[in-house]
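Below is one structure, written out as structure tokens; comments come after it.
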Amino acid sequence: MRLQNKITLSALAGASLIGSLAGCTTTASTPTSDTSSAPSTGSSTGTASKTYKDGTYTEDGTYQSPAGTGRITVKLTLASGVVTAVNVNGHATDPTAKTYQADFDSGIAGKVVGKKIDSLNVTNVSGSSLTSAGFDEAIKAIEASASA
Amino acid sequence: MPELHFAAIGTQWMIDTPQPIDQTLEALISDRVARFDQTYSRFRGDSLITALATDGGTHRFPDDADALFDLYDTLYARTDGAVTPLVGRALERLGYDRDYSLTEHGTVEPAAAWTTEVAREGTTLTTTTPVLIDVGAAGKGYLVDLVGELLHENGIHEFVIDASGDLLVSTREPRRIALEHPFDPSLAIGVAEISRGSICASGSNRRVWGNGRHHILDGRTGEPTRDVIATWAIAETALVADGLATALFFTAPERLAESFDFQWVRMFASGLADRSPGLQGELFS
């Protein structure tokens, strides 16, 4: 539950580890399992006044793929309440994932690292973080009720 | 470059053009977006989609529906039914409904079969029972294309339309587009370069709620997908790029390439990513 709060925080902070892990069944974070009691409107605009301790946190999570259960280790760093670094390591046991690991060596598929967008000479960003304003409102409402 | 900002279909849009977009064209764009929303939004009580979900029967869609449903037909076939406009009811059951209740109600069921449940003759759809259509997999991209057409029709041939991460680019010099890290929007996992065409992203990270629920549903099971966590597709149109970004969650790119000419990037829950050999750009490793 300790990490859960921090992960929930990351969603508010604009990062979204909550999503990546809620896509899994994980020992560390099931923050959205509380959502059955979430309000159906965004009327609650609670100020998430909770503060989170800076530091680096590591948790294991599992996810289901057609090949079975996979395990990942997530390491995230918090500074001033903002997620500043995320590192995910897969522990491939199933053949498909092993293939990807092998491909990495031949340069076909590999572990990617994040670079600061500010440091890149780019004009636009393609991603799904900004997708739905309405949904973000709902997430905020849930965050508010979850931390109440 | 001058930028036009506006909100449409629940998201933020930005259009970059060398010359400013005048008020007349801005009004045309606004009107086009409104008509699209009026037709396809399943969150609106007065939309055509809602009418079909309430009464079933025969409904004639606008002319623009033809290309949209054609794309769905192809994706449906290529993904063995995983990508279907009929995930709407399953999304609702999982709580992604008009009120964003985010509360599961009912049981998870496979979507009804698109090919048998809905008879389509061009833009006319007929159903025997009410069906809830969701064009979320390709609708936003399609609207990006339609807005792009409006720009061309009005003499603006150089532009970038950015609908919160789904882009249509028409520029002389290639644009460098960051591929946003699915875990952290301040980071990119790579860069794609585009001067003509569209890049669309799909991720399971953002719209997410209880018990591993997120908005990309497998139409065959009614359950959200899990293994792939983010995808990008680059194609000539945003309609195709948007649809393929979703399809990449279910189906091998090679199979999709039998029907579409496109480039792609996938990122997995393991933290690994792969890409099409022809991708213009790079992944950071």
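The values are calculated or read from the model by the stated rules, or taken from the named source; none is laboratory data. All of these numbers come straight from a predicted model, not from anything done at the bench. Every residue, glycine among them, receives a Cβ derived from its backbone with ideal geometry; neighbour counts consider all protein chains shown. Accessible surface areas use protein heavy atoms only, side chains included; no ligands, DNA or RNA. Shrake-Rupley method; radii C 1.70, N 1.55, O 1.52, S 1.80 Å.
Taking a virtual spin label 7 Å from the Cα of residue A:113 along the C-beta vector, which residues in region B:176-204 bring their backbone nitrogen under 20 Å of it? Only B:178-192 fall inside the zone, counting backbone N under 20 Å. Taking N as the residue count of region B:1-87, its C-alpha radius of gyration divided by 2.2 N^0.38 Å amounts to 1.36.
Subtract the Cα-Cα distance of residue B:80 and residue B:7 from 0.36 nm times their separation in residues, and report this length gain in nm to one decimal.
Numbers: separation 73, 0.36 × 73 = 26.28 nm, distance 3.45 nm.
Stretched out fully, the residue B:80 to residue B:7 stretch lengthens by 22.8 nm.
Neighbours of residue A:116, meaning other residues whose beta-carbon lies under 13 angstrom from its beta-carbon, give a summed charge of -2 when Lys and Arg score +1 and Asp and Glu score -1. Summary of the geometry: region B:1-73 and region B:146-183, compared by the centres of their Cα atoms, lie 17 Å apart.
Report the FRET efficiency, 1/(1 + (r/R0)^6), for residue B:280 and residue B:19, where r is their Cβ-Cβ distance and R0 is 22 Å, rounded to 0.05.
Numbers: r = 27 Å, r/R0 = 1.23.
That gives a FRET efficiency of 0.20.
Spacing of the modelled spin labels on residue B:149 and residue B:54, each 7 Å from Cα toward Cβ, amounts to 2.8 nm. Computed extension length for residue B:126-residue B:158: 7.5 nm, one decimal, from 0.36 nm per residue of separation with the Cα-Cα distance subtracted.
Based on a Kirkwood Rh over C-alpha pairs, give the Stokes-Einstein translational diffusion coefficient of region B:225-265 at 20 °C and viscosity 1.002 mPa s in µm²/s. Walk me through the intermediate numbers first.
On the way: Rh = 10.1 Å.
Using the Kirkwood radius from Cα pairs, D works out to 213 µm²/s.
Residue A:128 sits with roughly 10 Å² accessible to a 1.4 Å probe, with DNA, RNA and ligands left out of the calculation.
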